[in-house]
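Presented below is the structure to which this report refers.
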Amino acid sequence: MSHLIDRDISAQFEHAQRILIASHIRPDADAAGSLLGLGLALLDKGKSVQMVLEDGAGKFHYLPGFEHVTRAPSGEADMTIVVDCSDPDRVGSVLDQYGRPDLVIDHHKTNLEFGAINLVEPDQVATAAILVDHMPEWGLALTSEVAMALLAGIVGDTIGFRTPNVDAQVLRKAAQLIDLGADLTRVYHEELVMRPFEAARYWGAGLNRLERENGLVWTSLTLADREAAGYATDDDADLVNVLSSVRDAEIAIIFVEQPGGTVKVSWRTRPGLDVSEIAFRFGGGGHAAAAGADIVGGLAEVKKRVIQETLLLLDKNSAE
């Protein structure tokens, strides 16, 4: 089946001249790295390529080609592609004028397969890892710039090779990209070490109200916290990964209040639990160990509902 999909994708790439690639809002390293890796390879192939992220790619300034990324598309496209995105709503408004994407490439187990062709491999650690495997089959070269982008995606989604799904094969892929010219030290430093001053202040607000109950650790960030810290974007500045390091926590959750009456919720868990099912019930998705959802409602109301559902999962797991 994979061979047939590769053949179909290769044929589309061969005939398309104007290609549009998009990924999800609030892009992480896998979204930006997959978009840039595929986009740069297609540019090298002589294609006209638009790489679009509705929220921009400024935080990925260290990746080759980030200056090519725009916030909105323009003109026509022969082929539209969505990478690292499980449902069309997460793309934002980028594809509104283009309709159903021709190709979806993703690794989320909750993917809705909303493309004409869907290359979805939930066992992969990152969408970038899927591209490492398949791009040579599509006749696309893994240059040093492409390798750098794809390595960022793998490092970002594995939190520096620390997630339970990392195995020797994943490390071999990373080594392959390093051999091709990717700078692991730079990627690791930018993705996992460096933080803006404003992000550190933002973290302080969340850590100050940290709570726990029966293996669950959680905190919240309000719009007022964001304004006071001077933090420019509407994510959690990766604070959820700090919460997940709490020794007694089986599951960590962070609630980030958004403008317009919604709350962004992120779950992280230890091996053996699956938080993607909870996220899916709240209209989100993700992976067994890391999932998220944007939930309509006030912060207090959303916290109550989500904490209740998550504690039920922990109770069920402890009873089994």
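Each value in this text was obtained by applying a stated rule to the coordinates, not by laboratory testing. Since this is a predicted model, take the numbers as computed values, not measurements. Here the Cβ positions follow ideal geometry from the backbone for every residue, glycine too, while neighbour counts run over all protein chains shown.
Show me the ranking of peptides 231-237, 3-9 by mean Cβ neighbours inside 10 Å, starting with the highest.
Ranked from most to least packed, the peptides come out as 231-237, 3-9.
Place a +1 charge on the Cβ of each Lys and Arg in the range 197-319 and a -1 charge on the Cβ of each Asp and Glu, then give the dipole magnitude about the Cα centre in debye, rounded to the nearest 20.
About 220 debye.
If the cut-off is a Cα-Cα distance under 23 Å, which lysines reach residue 264, setting aside same-chain residues fewer than 8 apart in sequence?
Qualifying lysines at Cα under 23 Å: 59, 109, 303, 304.
By count of other Cβ within 10 Å, fewest leading, how are 113, 257 ordered?
Fewest to most other Cβ atoms nearby, the residues stand as 113, 257.
Run the quick spin-label model on residue 301 and residue 137: label points 7 Å from Cα toward the beta carbon, then report their separation in nm to one decimal.
Distance between label points: 4.6 nm.
Amide H neighbours of residue 63 under 5 Å, at least 5 residues apart or on other chains, H built in the peptide plane: list them.
none
Among 22, 61, 3, whose Cα lies farthest out toward the positive end of the dipole of the chain, if unit charges sit on the beta carbon of Lys, Arg (+1) and Asp, Glu (-1)?
Comparing the listed Cα positions along the dipole, 61 ranks first.
Treat the range 2-192 as a sphere of radius equal to its Kirkwood radius over Cα pairs and apply Stokes-Einstein at 37 °C in a medium of 0.692 mPa s; give the translational diffusion coefficient in µm²/s, rounded to a whole number.
Value of D from the Cα-based Kirkwood radius: 204 µm²/s.
Would you calculate a helix-derived [θ] at 222 nm for the chain, using -39,500 (n - 2.57) for each DSSP H run of n ≥ 4 and dividing by the full residue count, to the nearest 500?
Using -39500 (n - 2.57) per qualifying helix, the result is -11500 deg cm²/dmol.
Quick one: which residues, 5+ away or cross-chain, put their amide H under 5 Å from the amide H of residue 244? H built at 1.01 Å from N.
When sequence neighbours closer than 5 places are left aside, there are no close amide H contacts.
Round to the nearest 10 and give me the degree value, 0 to 90, for the angle of helix 168-179's Cα axis relative to the longest principal axis of the chain.
Long axis of 168-179 versus the principal axis of the chain: about 50 degrees.
Would you mind telling me which residue in 247, 212, 226 has the biggest mean-square fluctuation in a Gaussian network model of the chain, where springs connect alpha carbons within a distance under 10 angstrom?
Answer for the Gaussian network model of the chain: 247.
Order of 304, 264 from fewest to most other C-beta atoms within 10 Å?
Values: 304 12, 264 20.
Listed from fewest to most nearby Cβ atoms, that is 304, 264.
Can you tell me the dipole magnitude for the chain around its Cα centre, using point charges on the Cβ only (Lys, Arg +1; Asp, Glu -1), in Debye to the nearest 20?
Dipole of the chain, to the nearest 20 debye: 560 debye.
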